[in-house]
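Please treat every number below as a calculation from the coordinates, not as lab data. What you are looking at is a predicted structure, and each value in this text was computed from that prediction instead of being measured. Cβ: placed from backbone, ideal geometry, glycine included. Neighbour counts: every protein chain shown.
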Amino acid sequence: MPTAPEPPPHTRITVRLTPRASREEVVGFRDDVLVVRVSAPPVEGAANEALVRLLAKRLRVAKGVVRITSGDTSRTKVVEVEGLDDATVRARLGTAGG
C-alpha cells in the first residue's frame, strides 16, 4: 500500500516589527522573536506588505509562501513560511541560534 507523501515543511516565526524605520533590515532573533525594521508606515497594510517582501527576499522564496497568520494590526506578528524548516529559515536570516 503506498504511503501518503509527507507534507512540505513549514516554519512559524514570531516577529517584532518596527514600522517607519530609517532603513529596512532584519536585525536578528532576540529571545526567539525575530526583530525586523521596515520603512513603510503602518497604514493600510503597507508595513505588513514590506515585512512579507523583505522576509521573502532574505529567505529566497516567493512572496506567496510567506504569510502573516496573526497580528495584522499589532507590532508582534506570527509569520508562517511554507516549504522551509526552522533550521533553513534561521540560516538564511543569518542567525544560527535562538
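Of the strands (runs of 3 or more DSSP E) that lie entirely inside the chain, those containing 2 or more residues that are touching a residue at least 40 places away in the same chain (Cβ under 8 Å) and either out of contact with any helix residue (DSSP H, G or I) (no Cβ under 7 Å at 6 or more places or on another chain) or on the phi < 0 side of the Ramachandran plot (or both) span 10-18, 25-30, 33-37, 76-82. For region 10-38, the set of residues classified as over 15 Å from the mean Cα position of the chain (by Cα) and surrounded by fewer than 16 Cβ atoms within 10 Å (Cβ to Cβ) consists of ARG20, SER22, ARG23, ASP31, listed by residue number.
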